Structure formats: C-alpha cells, structure tokens
Amino acid sequence: MSKALEGVRILDFTHVQSGPTCTQLLAWFGADVIKVERPGEGDATRGQLRDIPGVDSLYFTMLNHNKRSITIDSKSAGGREVLDRLIQSCDVMVENFAPGALDRMGFTWEHIERLNPRMIVASVKGFGAGPYEHCKVYENVAQCAGGSASTTGFGDGPPMVTGAQIGDSGTGLHLALGILAALYQRTHSGRGQKVLAPMQDAVLNLCRVKLRDQQRLERTHTLHEYPQYPDGRFGEAVPRAGNASGGGQPGSILRCKGWETDANAYIYFITQAAVWPAVCKVIGEEGWITDEAFATAQARLLHLKPIFARIEQWTMSKDKFEAMEILNQYDIPCGPILSMKEIANEPALRASGTVVEVDHPTRGKYLTVGNPIKMSDSPTEVTRSPLLGEHTDEVLTALGYSADEIAGLRADGAV
Ligand code: CAO
C-alpha cells in the first residue's frame, strides 16, 4: 500500500522537540525524512534525560522515528556543498534553529531559492516579527507568552504551565499543516515558499477561547461559568479557571473512591444541560429536576459549587471506572483521570497503534506514542529512530559522492 506523502523528500534540519515533532509526522505519512545532525554530537536531545548510559535518550528516540540520519558540519566548506546538493534534491527544508542561525550558515532564502525554486523552507521560531523576534525560546516560554500560563491554574495561585507540550509539539503540528498546504499550492504554482510557525502564535491559537473570554469580560465584567462567579471578583484580565470546563457546559474534576491514597482517583464530570435530569437521578436528587434553583442551565450557574459538591458525594462512593460505566449508560459526558501508567497499559490505545512498542538496537524495547492521525489509505508503521549518522554513506552515495569523496569529507570533519 502506498503512503500519502510517498515521494516527498524532507531535509530535516531540526532539533530538540518542536521541529522534530513536525518531521516525524511527515515521516509517518510516508515522506523520506533525512535528519541532518552535527558530527560527533548530533541533536542535543540524544544525550538529554538519559535513562541508560551511552544510549540515545527516550527524548530523542520518541521524536525521531522513521527518519534517516546524516551527519554534516554545516559550517565547513564540504558540509555546505553536501547541503547544497540536498537542497537541490529535496522538496522541503524544515528547521528550528535560533533566529538568524540558518542565514549565518549561508543558507539564506535567496540562496536556497536559487538552488531550488520549488523548495519549501519551513521554520519554527519562538516569536514572529516584533520586539522578541530574535529571542531563543523553549516550551514553557511559549506557554507563558501565548496566554496559556496566565489562564491556567487556580484563581488564587500563580500562573501555571501545562504538561501538554503545546509550545513545542503544538507548534510542530501547526508547521506540518503549513507544509502540506505549501506542497499543495506548489502543485499549481510550481513554486516553493517560506512557511513560519511562531510558538507564541501557535499557543495563542490553541488558547483562542481565552481571547473570546477576554472580550466577553470587557463587555459584561463577569464570566458566569468561571469559579470566580458568583462570589469572587473579576479583574481586568481573564482569570485562571481551575478545572472549570472551557465551554458552555459546566464541568469539574471530582474525587472518586480511593482518592486519599491514589493521586489519580478522580473523574471529570460535565453537567451537560441535555442530561441534567439523568444527572439528578444518578445522584439521587430528583427534586432538582423541577426545583427552580436548579432546573435551568442559567439558574445552575449560580449554584455550581453546591451542585458539584453533591455530585462529588456520589463519585466518592465509586471508583473512577465504576462511575464511568454508570454515567455512560445515561450519556453523561465524563472521563477518568488516567495516569501515564494506566495509559501505557491501555489495551485500546495499543490496538489502535497510538501506544506502540518499538525495538532499538542499543536501547531494546520501549514504548512510544505512534501517529495519532489515522488514515484508511495511508497506514503508519512506527520504526525506530536512527543512530547518529547511520545513513550518512547511503545518503551521500545517492547524492553522487564516490567512496573516495566520502572518505575525504570524513577526513576533513565535514560529515
Ligand atoms: N553543523 C554546524 N553547526 C551547527 C549545526 C551543524 N550541523 N547545527 C547547528 N549548528 C549551529 C548553529 O548554526 C548555531 O550556530 P551560531 O550560533 O554560530 O549561528 C549553533 O549550532 C546553535 O544553534 P541554536 O542557537 O539553534 O541552538 P541552541 O541550543 O543554542 O538553542 C533553541 C536551542 C531551541 C533555544 C533555539 O534553537 C531556538 O530558539 N529555536 C527556535 C525556537 C524553537 O524551536 N524552540 C523549541 C525548541 S524545543 O523545546
């Protein structure tokens, strides 16, 4: 069976997380991804957070599946010549170096376009044009600058970053989408183009509901679905909403049986208006179905704290999976708080290929997250990440270098 991006060649000049997430996705869709790394060192993540001495870290292996690795010193004359040939033979260059680094290596847009007018040059940077455009940026900086941290956490606590890597992996996803759109446009324009995904902008895109709430707050000075309502005060900016539901259906994280000893014995419970009578029946408060104070969604907003306290009395009598089973019978939207340990062993995620076991020559077997996007005509097989420079000779030979020339490049430290 063919793959969606079969025949597309990616010059993967990415490192750390944001860029590699993007190129890994493209590889899973069938693109030939050639990862360029610095000789002797490689992507810094190979050596970061190591759990086995001398072995590529899980940080690296889990972001670089299905790729080939070539080592090139992009600051040597020989290395630049190899990169020129790669530019001529690839469709897309993806990079996430610090601002200006690619230009300093000599790979300006003008140079690349001259070599290959069909080339798509896709970049992740921390910020777009503006006062911070020259800054280096990591995940949590983007979460803070993109509006996520100021709106995450509890109202009386400090700003908080989330465990989901929305700055890095989130931006990688945005960039992948831009690349696919540019590849499509190229089919009729015949030209490449620059694609930029700034991390601040990507995080803000994922936080757009909070900019919605900012404007609602400015108009009405209150946000009825926020935990600050009705007792607390609202300031000028959207406050942190704790675990309140982001939409028009109030929800909360509630304790379940065993919460005293199990940090994840909790359930997310949504009091969707459509199933309010069922919620009342399940928790034994049938009177609330017609009681004026609770009968309408609008009235309930004034009483969310006592409502969730009463529902929690019920959830605390069940473990999270028992509660799920009962609530699902009534179509009440809810979800267990799953630990990473539980997710790693979840049979359905294994069966769908979202949690995959991979074998690695020096690490042995490990778990990874496979392709979360499922396509009926372009299946994904997750293969291990490459060792540093594993495909250098193979790629150079395909670029037309002879064995002697390759030996010369190696002797010069260019590859
Ligand atoms: N051969 C020779 N030199 C190489 C090379 C190669 N194969 N690959 C990289 N280099 C050089 C770069 O040219 C650069 O040199 P100069 O500083 O002389 O121009 C140098 O290595 C360091 O590159 P860098 O500044 O990108 O790397 P860093 O570790 O200092 O910073 C990061 C890392 C992520 C903060 C920065 O790359 C960045 O801000 N990237 C954009 C935003 C981004 O993607 N952030 C998310 C990262 S994931 O958390």
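Descriptive notes on the structure:
- In the stretch 8-22, residue surrounded by the most Cβ atoms within 10 Å (Cβ to Cβ) [restricted to those that are among the β-branched types (Val, Ile, Thr) and away from the ligand (no atom under 12 Å from the Cβ)]: Ile10
- Residue list for the stretch 129-159, filter: in contact with a helix residue (DSSP H, G or I) (Cβ under 6 Å, 6 or more places away or on another chain) and surrounded by fewer than 15 Cβ atoms within 10 Å (Cβ to Cβ): Pro159
- Selection within the stretch 68-102 - of a type in the set (S, T, N, Q) and under 15 Å from Val195 (Cα atoms): Asn96
- Residue ranges of strands (runs of 3 or more DSSP E) in the stretch 312-415 with at least 2 members within 27 Å of Arg50 (Cβ to Cβ): 355-360, 364-369
- Conditions (1) part of a loop (DSSP other than H, G, I, E, B); (2) more than 20 Å from the chain's Cα centre (by Cα): number failed by Leu49: (2)
- Pairs meeting the criteria (first residue in the stretch 94-111 and free of Cβ contacts under 8 Å to residues at least 60 places away in the same chain, second residue part of a strand (DSSP E or B) and near the ligand (Cβ under 9 Å from one of its atoms), beta carbons under 6 Å, at least 6 apart or on different chains) are Pro99/Lys125.
- Residue list for the stretch 132-151, restricted to those being more than 8 Å from the ligand (Cβ to nearest atom), under 17 Å from Phe97 (Cα atoms) and part of a loop (DSSP other than H, G, I, E, B): Tyr132, Glu133, His134
- The set of residues in the stretch 149-184 being over 22 Å from Val238 (Cα atoms) and among the hydroxyl-bearing types (Ser, Thr, Tyr) consists of Ser169, Thr171, Tyr184.
- Scope the stretch 1-40; condition basic (Lys, Arg) and out of contact with any Gly (no Cβ under 7 Å at 6 or more places or on another chain); matching residues: Arg9, Lys35, Arg38
- Taking helices (runs of 4 or more DSSP H) as the structural unit, those lying wholly within the stretch 69-125 and holding at least 1 residues that are within 20 Å of Ala411 (Cα to Cα) correspond to 77-89.
- A search for C-beta distances below 6 Å between a residue of the stretch 134-154 that is under 13 Å from Val16 (Cβ atoms) and any residue that is modelled with pLDDT of 95 or more and not hydrophobic (A, V, I, L, M, F, W, C), counting only pairs 6+ apart in sequence or on different chains, returns Val137/Gly126; Glu139/Gln165; Glu139/Gly167; Glu139/Asp168; Ala142/Gly167; Ala142/Gln200.
- Criterion (more than 16 Å from Ser245 (Cα to Cα), surrounded by 15 or more Cβ atoms within 10 Å (Cβ to Cβ) and not basic (Lys, Arg)) met by exactly one of Ala265, Ala293, Ala299: Ala265
- Considering residues of the stretch 23-46 that are surrounded by fewer than 24 Cβ atoms within 10 Å (Cβ to Cβ) and assigned to a helix (DSSP H, G or I) only, the residue farthest from the ligand (Cβ to nearest atom): Arg46
- Only a single criterion out of (1) on the phi > 0 side of the Ramachandran plot; (2) exposed (fewer than 13 other Cβ atoms within 10 Å of the Cβ) is not satisfied by Gly353, namely (2).
- Of all the listed residues (Val141, Val121), the sole one being touching a Lys or Arg at 6+ places or on another chain (Cβ under 6 Å), at pLDDT 95 or above and within 30 Å of Thr368 (Cβ to Cβ) is Val121.
- When residues of the stretch 106-125 are limited to those that are within 10 Å of the ligand (Cβ to nearest atom) and in contact with a Gly (Cβ under 9 Å, 6 or more places away or on another chain), the one farthest from Met199 (Cα to Cα): Ser123
- Flag if Ala273 is of a type in the set (A, V, I, L, M, F, W, C) and either more than 20 Å from Trp314 (Cα to Cα) or free of Cβ contacts under 8 Å to residues at least 12 places away in the same chain (or both): no
The values are calculated or read from the model by the stated rules, or taken from the named source; none is laboratory data. Since the structure is predicted, the reported quantities are computational estimates derived from the model, not experimental observations. Neighbour counts are summed over all protein chains in view; Cβ atoms, including those assigned to glycine, are modelled from backbone coordinates with ideal geometry.
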